[in-house]
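Contents: one structure, followed by commentary.
The values are calculated or read from the model by the stated rules, or taken from the named source; none is laboratory data. The structure displayed is predicted, hence computed values, not measured ones. Cβ sites come from the backbone with ideal geometry, for glycine too, and all protein chains shown count toward neighbours. All accessible areas refer to the heavy atoms of the entire protein, side chains included, with ligands and DNA or RNA removed. Shrake-Rupley method; radii C 1.70, N 1.55, O 1.52, S 1.80 Å.
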Amino acid sequence: MATKALSFALSLNDLTNNHFSSNTPHTAAKVSVFTVKCSSSGGGERPWKNSDARLVLEDGSIWKAKSFGASGTQVGEVVFNTSLTGYQEILTDPSYAGQFVLMTNPHIGNTGINFDDEESIQCFLAGLVIRSLSISTSNWRCKKDLGDYLAERNIMGIYDVDTRAITRRLRQDGSLIGVLTTDNSRTDEELLHMSKSWDIVGKDLISGVSCKTPHEWVDKTKQQWEFSKVPGETFHVVAYDFGIKHNILRRLASYGCKITVVPCTWPASETLKMKPNGVIFSNGPGDPSAVPYAIETVKNIIGKVPVFGICMGHQLLGQALGGKTFKMKFGHHGGNHPVRNLRSGHVEISAQVCELKSFCNFLFLKCSAITKIVKFNQVHYVC
């Protein structure tokens with residue numbers, strides 16, 4: 001251990017000469033002597049954290065950062081989300097499976113974590129990329145901080161990285177595959193090879209996020225958040241779980257629907273035996289072309305019962321009707337996308353997680369993921 005001592009002498013003459021006029025009487029000056037000892041050792045903990053993580057993109061760029069949450073090495077597609085808040089809903093949205101989510105809003109973590117805002121029972125995304133990690137939390141519902149939450153769920157996160165620069169790169173070049181690591185033994189060349197060897201296109205990701213058995217959903221939106229009157233008529237809705245968010249189910253329940261949630265592989269014949277008033281094909285991650293079994297299920301239901309599609313479900317409807325899907329350059333991810341209702345002229349702010357466009361005999365317009373179902377009387381397409 002090295003120890004250094006600094007001695008200081010403070011004279012009252014300095015104080016009196018600087019702060020009082022010469023006409024002000026004062027007593028004789030006194031001198032106080034004190035010593036400050038500073039000690040340090042090689043194993044002392046610094047009050048700040050050094051960069052200990054790297055994000056290597058397939059274009060060859062390397063971004064040094066600081067880690068929080070879990071440690072390790074993970075590969076995924078890097079996308080950006082423009083939401084100003086709601087990071088907890090994003091973390092638990094199954095549609096982000098296989099992806100690193102970069103938040104364009106710079107300050108993340110200030111509201112902490114609560115257990116009411118989760119959209120599923122676990123985190124499915126590959127990792128979280130942010131500019132600034134809040135050092136404190138301030139919210140009346142907060143139960144724990146973001147770092148501890150991610151560590152408990154084995155999700156990697158990095159901060160102190162130039163998210164603006166990465167976002168500009170993604171907007172210019174499109175979504176990129178990246179590798180996130182805290183392992184110093186891995187070389188940049190090895191990580192770059194990993195990023196170029198992986199692709200999200202053609203992968204069946206919905207089977208990893210779907211429920212395994214059918215079940216009834218009864219939870220409604222809590223009264224303090226409710227904004228609509230519940231209709232008297234009840235409809236039986238079968239919801240195909242391709243990665244469905246809890247709030248979609250809560251909204252359906254709040255509108256008076258009886259909901260049966262079924263796995264992504266649930267046969268169409270079993271659904272039709274339930275005699276539902278309507279079927280919803282939910283949001284979900286990945287490429288619809290990689291799940292032909294789901295497309296076949298949709299084909300066998302269309303025309304026999306009213307249907308409704310969100311995100312992945314919307315894309316499956318397009319393919320089931322003979323359309324094609326292709327990957328968008330960088331997709332729409334955020335909670336602040338304006339959508340104009342052409343019938344009323346009103347503009348609503350929507351939440352979107354869109355990766356693909358669907359074309360059939362007409363263009364399926366990208367619209368909001370807000371669930372506003374009162375009656376199933378036609379085919380609905382919602383992105």
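For (1) modelled with pLDDT under 95; (2) within 27 Å of the chain's Cα centre (by Cα), each residue gets a yes or a no:
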{"site": "LYS220", "(1), (2)": "yes, yes"}
{"site": "TRP225", "(1), (2)": "yes, yes"}
{"site": "GLU233", "(1), (2)": "yes, no"}
{"site": "PHE242", "(1), (2)": "no, yes"}
{"site": "ILE248", "(1), (2)": "yes, yes"}
{"site": "PRO267", "(1), (2)": "no, no"}
{"site": "ILE280", "(1), (2)": "no, yes"}
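Based on what the data block shows, is PRO285 surrounded by fewer than 18 Cβ atoms within 10 Å (Cβ to Cβ) and under 26 Å from GLY331 (Cα atoms)?
On the way: surrounded by fewer than 18 Cβ atoms within 10 Å (Cβ to Cβ): no; under 26 Å from GLY331 (Cα atoms): yes.
Against the criterion (surrounded by fewer than 18 Cβ atoms within 10 Å (Cβ to Cβ) and under 26 Å from GLY331 (Cα atoms)), PRO285 does not qualify.
For the structure I just gave you, tell me whether GLY243 is in contact with a helix residue (DSSP H, G or I) (Cβ under 7 Å, 6 or more places away or on another chain) and at positive phi.
yes
Which ones in the range 193-202 are under 29 Å from ALA239 (Cα atoms) and more than 20 Å from the chain's Cα centre (by Cα)?
Passing the criteria: only GLY202.
Got at least one residue in the range 84-106 being more than 15 Å from the chain's Cα centre (by Cα) and closer than 23 Å to LYS220 by Cβ? Break it down stepwise before answering.
Filtering the range 84-106 for residues more than 15 Å from the chain's Cα centre (by Cα) gives none.
Checking the range 84-106: not a single residue is more than 15 Å from the chain's Cα centre (by Cα) and closer than 23 Å to LYS220 by Cβ.
How about the range 170-200: which of its residues are among the charged types (D, E, K, R) and either more than 18 Å from GLY331 (Cβ to Cβ) or surrounded by 19 or more Cβ atoms within 10 Å (Cβ to Cβ) (or both)?
Let us first name the residues in the range 170-200 that are among the charged types (D, E, K, R), namely 171, 173, 183, 186, 188-190, 196, 199.
Residues satisfying the conditions are ASP183, ARG186, ASP188, GLU189, GLU190, LYS196.
Given the criterion touching a helix residue (DSSP H, G or I) at 6+ places or on another chain (Cβ under 6 Å) and modelled with pLDDT under 90, identify the matching residue among ALA9, ALA70, ALA29. Can you show your working first?
Numbers: ALA9 fails: touching a helix residue (DSSP H, G or I) at 6+ places or on another chain (Cβ under 6 Å); ALA70 fails: modelled with pLDDT under 90.
Unique residue meeting the criteria: ALA29.
If only one of ARG171, ARG153, ARG186 is under 15 Å from the mean Cα position of the chain (by Cα) and over 30 Å from PRO276 (Cβ atoms), which one is it?
ARG153
Only one of these is outside the structural domain of ILE121 (by the TED database), open to solvent by 10 Å² or more (accessible area, probe 1.4 Å) and without any contact (Cβ under 8 Å) to a residue 40 or more places away in the chain: PRO276, PRO267. Name it. It would help to see each step written out before you state the result.
Numbers: PRO276 fails: without any contact (Cβ under 8 Å) to a residue 40 or more places away in the chain.
Just one listed residue meets the conditions, PRO267.
Is it the case, given these coordinates, that MET312 is at pLDDT below 95, within 25 Å of TYR96 (Cβ to Cβ) and open to solvent by less than 20 Å² (accessible area, probe 1.4 Å)?
Values: at pLDDT below 95: yes; within 25 Å of TYR96 (Cβ to Cβ): yes; open to solvent by less than 20 Å² (accessible area, probe 1.4 Å): yes.
Considered against the rule, which asks whether it is at pLDDT below 95, within 25 Å of TYR96 (Cβ to Cβ) and open to solvent by less than 20 Å² (accessible area, probe 1.4 Å), MET312 comes out as yes.
On the given criteria, is GLY69 assigned to a strand (DSSP E or B) and either open to solvent by less than 10 Å² (accessible area, probe 1.4 Å) or closer than 20 Å to ASP160 by Cα (or both)? Write out each step before concluding.
Values: assigned to a strand (DSSP E or B): yes; either open to solvent by less than 10 Å² (accessible area, probe 1.4 Å) or closer than 20 Å to ASP160 by Cα (or both): yes.
So GLY69 fits the description; yes.
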